[in-house]
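Colleague: Can you read through this structure? Questions will come right after.
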Amino acid sequence: MSRIADAFKNGKAFIGFVTGGDPSIEKSEEFILGMIESGADLIEIGIPFTDPIAEGPVIQEANIRALNAGANLAKLFKLVKNLRKKTKTPLVFLSYFNPIFKCPDFFEQCEDAGLDGLIIPDLPFEESAEARGPAKERGIDLISLIAPTSRHRIKEISQAAEGFLYIVSSMGVTGVRGEIETDLNGMIELARANTNIPLAVGFGVNTLEQATEIGKIADGVIVGSAIVRIIEKYGGEAGPRIYDYVKSMKSAVSSSK
């Protein structure tokens, strides 16, 4: 059983996201370890990039802060290595395809660092073989996304999915939302008919009520912008506030029936 599978074996999973290097690599490590201590079952680490087309303003600005602070792939691989010495919690990179394409030994470095999975938002499923093959060779799950516009492709994407299937809850870019109006039940029902791997919902989730409701129909809840917004507000002092927020969200997810 992979570490990603382990994240879902004890009930509903909470998945937290940070942009690597925001506000520094050292603080990213502190924040990630704090999230794990407060109950996070899996961590997504965003590789900062100049043109993160799926991201809203909160994460776009986090990318800029990280890049201005000197974050790069070498430092992020070192971050994963350091984390792997301290935790068995699964770690997943979220990266746009350009940084991967420009790094000839990207997948080898992922394996060496101890990374478990990879999400590439701007890589269409139909063109994913270029990454799927090398990732599989290195024991890294290439995590697929399905969006509200993917209905005619959900069967095909679900059947090829690895690790967990990322259900995009809303149209548009990332960012907290007051309401999620997508037919999540329909998307999840169709996906479950075509895969046995866990299904986790993200994009816009930020409140306890949303986490509880989504936890009733999905195997996991993904939160990114709400955590990054705490970092934006409190900078290097965000650790305790992230801890409290993740603990409360994990409790809400776990209480879902």
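The values are calculated or read from the model by the stated rules, or taken from the named source; none is laboratory data. Please read all numbers here as calculations on a predicted model, not as lab measurements. Glycine gets a Cβ as well: all are built from the backbone with ideal geometry, and neighbour counts include every protein chain shown.
Colleague: Just for helices (runs of 4 or more DSSP H) wholly inside region 203-256: which have at least 3 residues that are touching a helix residue (DSSP H, G or I) at 6+ places or on another chain (Cβ under 9 Å), hydrophobic (A, V, I, L, M, F, W, C) and buried (at least 24 other Cβ atoms within 10 Å of the Cβ)?
Modeller: 225-234, 239-254
Colleague: Another question, if that's okay. Can you tell me which residues in region 43-60 are of a type in the set (D, E, K, R) and modelled with pLDDT of 95 or more? Break it down stepwise before answering.
Modeller: Let us first name the residues in region 43-60 that are of a type in the set (D, E, K, R), namely 44, 51, 55.
Passing the criteria: only Glu44.
Colleague: Taking only pairs six or more apart or across chains, which ones have beta-carbon atoms under 8 Å, a first residue in region 56-67 that is under 11 Å from Arg229 (Cα atoms) and surrounded by fewer than 16 Cβ atoms within 10 Å (Cβ to Cβ), and a second residue that is at pLDDT 95 or above and not hydroxyl-bearing (Ser, Thr, Tyr)?
Modeller: No pair meets every condition.
Colleague: Also, quick follow-up: In region 45-55, is there at least one residue being within 18 Å of the chain's Cα centre (by Cα), assigned to a helix (DSSP H, G or I) and of a type in the set (A, V, I, L, M)?
Modeller: no
Colleague: Let me ask something else about it. Among the residues of region 179-187, are any in a strand (DSSP E or B), in contact with a Phe, Trp or Tyr (Cβ under 9 Å, 6 or more places away or on another chain), modelled with pLDDT under 95 and under 20 Å from Ile15 (Cα atoms)?
Modeller: No, region 179-187 contains no residue that is in a strand (DSSP E or B), in contact with a Phe, Trp or Tyr (Cβ under 9 Å, 6 or more places away or on another chain), modelled with pLDDT under 95 and under 20 Å from Ile15 (Cα atoms).
Colleague: Also, quick follow-up: Out of Ala71, Ala113, which single residue is touching a Gly at 6+ places or on another chain (Cβ under 6 Å) and over 21 Å from Val168 (Cβ atoms)? Show your work before the answer.
Modeller: Details: Ala113 fails: touching a Gly at 6+ places or on another chain (Cβ under 6 Å).
Answer to the check: Ala71.
Colleague: Continuing with the same structure: Could you count how many residues in region 190-202 are in contact with a helix residue (DSSP H, G or I) (Cβ under 7 Å, 6 or more places away or on another chain), free of Cβ contacts under 8 Å to residues at least 40 places away in the same chain and hydrophobic (A, V, I, L, M, F, W, C)?
Modeller: Count: 3.
Colleague: Examine region 1-21 for a residue that is within 15 Å of the chain's Cα centre (by Cα), closer than 15 Å to Phe93 by Cβ and surrounded by fewer than 22 Cβ atoms within 10 Å (Cβ to Cβ), and state whether such a residue exists.
Modeller: Looking for residues that are within 15 Å of the chain's Cα centre (by Cα), closer than 15 Å to Phe93 by Cβ and surrounded by fewer than 22 Cβ atoms within 10 Å (Cβ to Cβ), one finds at least one in region 1-21, hence yes.
Colleague: Just the residues that are among the β-branched types (Val, Ile, Thr) and either in a helix (DSSP H, G or I) or crowded, with 22+ Cβ neighbours inside 10 Å (or both), please, taken from region 188-202.
Modeller: Ile188, Val201
Colleague: Can you spot a residue in region 27-36 that is of a type in the set (Gly, Ala, Ser), part of a loop (DSSP other than H, G, I, E, B) and in contact with a Leu (Cβ under 8 Å, 6 or more places away or on another chain)?
Modeller: Going residue by residue through region 27-36, those that are of a type in the set (Gly, Ala, Ser) are 28, 34.
Checking which are part of a loop (DSSP other than H, G, I, E, B) leaves us with none.
Checked region 27-36: no residue is of a type in the set (Gly, Ala, Ser), part of a loop (DSSP other than H, G, I, E, B) and in contact with a Leu (Cβ under 8 Å, 6 or more places away or on another chain).
Colleague: Only one residue in Phe101, Phe107 is surrounded by fewer than 20 Cβ atoms within 10 Å (Cβ to Cβ) and either within 17 Å of Glu44 (Cα to Cα) or more than 19 Å from the chain's Cα centre (by Cα) (or both). Which one?
Modeller: Values: Phe107 fails: surrounded by fewer than 20 Cβ atoms within 10 Å (Cβ to Cβ).
One residue alone meets the criteria, Phe101.
Colleague: Go through region 27-46 and give me each residue that's in contact with a helix residue (DSSP H, G or I) (Cβ under 9 Å, 6 or more places away or on another chain) and of a type outside the set (A, V, I, L, M).
Modeller: Listed by number, the residues that qualify are Lys27, Ser28, Glu29, Glu30, Phe31, Gly34, Glu37, Ser38, Gly39, Asp41, Gly46.
Colleague: Restrict the check to region 129-150 and report whether at least one residue is crowded, with 19+ Cβ neighbours inside 10 Å, of a type in the set (Ser, Thr, Tyr) and touching a helix residue (DSSP H, G or I) at 6+ places or on another chain (Cβ under 7 Å).
Modeller: Checking region 129-150: at least one residue is crowded, with 19+ Cβ neighbours inside 10 Å, of a type in the set (Ser, Thr, Tyr) and touching a helix residue (DSSP H, G or I) at 6+ places or on another chain (Cβ under 7 Å).
Colleague: Scan region 56-90 for residues that are touching a strand residue (DSSP E or B) at 6+ places or on another chain (Cβ under 9 Å), within 27 Å of Arg3 (Cα to Cα), assigned to a helix (DSSP H, G or I) and of a type in the set (Gly, Ala, Ser) and report the count.
Modeller: The number of residues fulfilling the criteria is 0.
Colleague: Any idea which residue in region 114-161 is nearest to Lys86 (Cα to Cα), counting only those that are modelled with pLDDT of 95 or more and assigned to a strand (DSSP E or B)?
Modeller: Residue satisfying both the conditions and the ranking: Gly117.
Colleague: Which ones in region 163-178 are modelled with pLDDT of 65 or more and either within 21 Å of Ala62 (Cβ to Cβ) or among the β-branched types (Val, Ile, Thr) (or both)?
Modeller: Applying the first criterion (modelled with pLDDT of 65 or more) to region 163-178 yields 163-169.
Selection gives Tyr166, Ile167, Val168, Ser169.
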